[in-house]
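Structure first, then comments.
The values are calculated or read from the model by the stated rules, or taken from the named source; none is laboratory data. Since we're looking at a predicted model, the values are computed, not measured. FYI the Cβ positions are ideal-geometry reconstructions off the backbone, even for glycines, and counts take in every protein chain you see. The accessibility values were calculated without ligands, DNA or RNA, using every heavy atom of the protein model including side chains. Shrake-Rupley method; radii C 1.70, N 1.55, O 1.52, S 1.80 Å.
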Amino acid sequence: MEEPLCCCEYVDRRGERNHLAACCCDCEELDEGCDRWLTCRSLPPGALERIADTVADRCRVPWFAGAVKINVSLVPPMVLLPVFLHIAALHFLLGLVVLTSLPAVVLWYYYLTHRRKERTLFFLSLGLFSLGYMYYVFLQEVVPRGHVGYSQVALLTCGLILMLVALSRAKKDPGYLPISTNDDKPSQQAFPSKNVRGSSNGLHGAAASGHSLNGETKGYSRVLAEEREGVKMDWCAKCQLVRPARAGHCRLCGRCVRRLDHHCVWINSCVGEQNHQAFILALFFFMLTSLYGIMLTLDTICRGRTPFTALFYCPGAYSDYSSALSFTCVWYCAIVTAGMGYILLIQLLNISYNVTEREARLALRDNAGHRLLGGLVIDTGQYNRGFLCNWGHFLSLGSPPQQRSAEDIV
């Protein structure tokens with residue numbers, strides 16, 4: 001029987017017992033990379049990925065039952081964001097360069113992880129740390145000036161708490177379909193071959209053809225008895241189950257989600273049937289809280305000017321470092337708020353037309369949708385039942401289906 005791990009020991013990615021004191025030892029990948037760099041030779045394919053995996057595996061902190069691994073993607077926002085904002089507060093031109101390059105770097109990293117199909121906590125860490133740091137700057141630099149009352153601070157704090165509560169709810173189960181066990185997995189041959197082509201195109205399955213598997217209905221891998229006859233079903237070859245209408249497979253989470261809208265990097269989770277309402281609520285509270293904080297800050301450091309005017313013309317913003325830092329944080333919040341406002345607008349339009357991001361993307365690929373409002377929304381026409389009915393459907397997401405009596409069925 002092996003001895004339990006001490007607080008500084010851990011089992012590495014190779015399954016070997018290791019110690020934190022040896023974190024800089026026995027790194028063949030890094031040694032080989034340095035040798036090739038010093039001799040001006042190119043690295044072999046996959047060398048950088050192996051070095052990054054080794055470094056990430058050795059970033060740990062001591063804990064009771066063994067050293068705990070730290071997700072490397074959590075660290076950069078906590079270090080770089082305060083550094084960049086303080087540099088931007090030194091001069092107007094430095095602020096222009098930093099605030100222009102930050103969104104470009106974030107977008108570059110997003111496309112990099114999206115192309116590699118990787119999940120990362122970078123964006124969630126950036127969002128949460130940005131909220132915390134902006135709130136800290138507000139309390140340290142803006143409130144002591146005496147122009148913000150306690151009631152306004154309390155209102156801003158309540159908005160922040162409500163947003164975090166909604167965000168925590170949005171982080172929960174988005175509506176994952178249960179993974180089929182070996183006993184429950186149906187074979188793809190059980191469905192008509194002409195109706196089963198792939199895993200993402202909304203294909204006709206057993207419900208449309210009237211077939212059942214082994215003469216029974218069991219779980220989501222069977223044809224649901226509650227589904228109406230003729231409702232479109234979809235076979236997922238990766239999860240080995242039949243998806244209900246509007247469900248989709250997320251390649252980042254590796255799971256099928258009921259009424260999949262999209263995978264949001266800012267919450268590091270899918271947005272589906274169970275958490276779509278909480279996701280919209282978190283965006284709504286963020287917009288209100290952010291705009292209110294921007295108005296209070298601008299009213300403090302740019303007295304006598306309207307918030308919109310002060311955002312573009314505030315002569316005393318760089319008179320002292322405290323005002324410069326507050327003004328820089330205001331512009332950072334304004335950029336983030338504009339991006340989140342665009343996401344919220346697209347979401348509200350999609351809800352009004354009862355279309356998901358996934359359905360809009362597939363409709364564009366298949367030339368099956370109509371661009372409306374200058375291309376902001378793609379109307380597939382498949383589930384659109386009018387503005388009020390669409391919103392009623394959205395507000396009822398996640399609620400249990402109504403039970404029908406035997407008389408109604410007959």
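Here are the numbers:
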read-out	value
Centre separation in Å (Cα based) which lies between region 108-127 and region 283-358	24
Residue order for Leu5, Leu38, Leu298 - accessible surface, 1.4 angstrom probe, largest first	Leu38, Leu5, Leu298
Separation in nanometres of the label points that stand 7 Å from Cα toward Cβ, at Tyr313 and Ala65	6.3
Neighbour net charge for Ile280 - beta-carbon separation under 12 angstrom, K R +1, D E -1	0
Computed label-point distance, nm, for sites Val153 and Leu121 using a 7 Å Cα→Cβ extension	3.1
Full-stretch length increase - Ser399, His86 - with 0.36 nm per residue and alpha-carbon distance subtracted	108.0 nm
Full-stretch length increase - His370, Tyr111 - with 0.36 nm per residue and alpha-carbon distance subtracted	90.6 nm
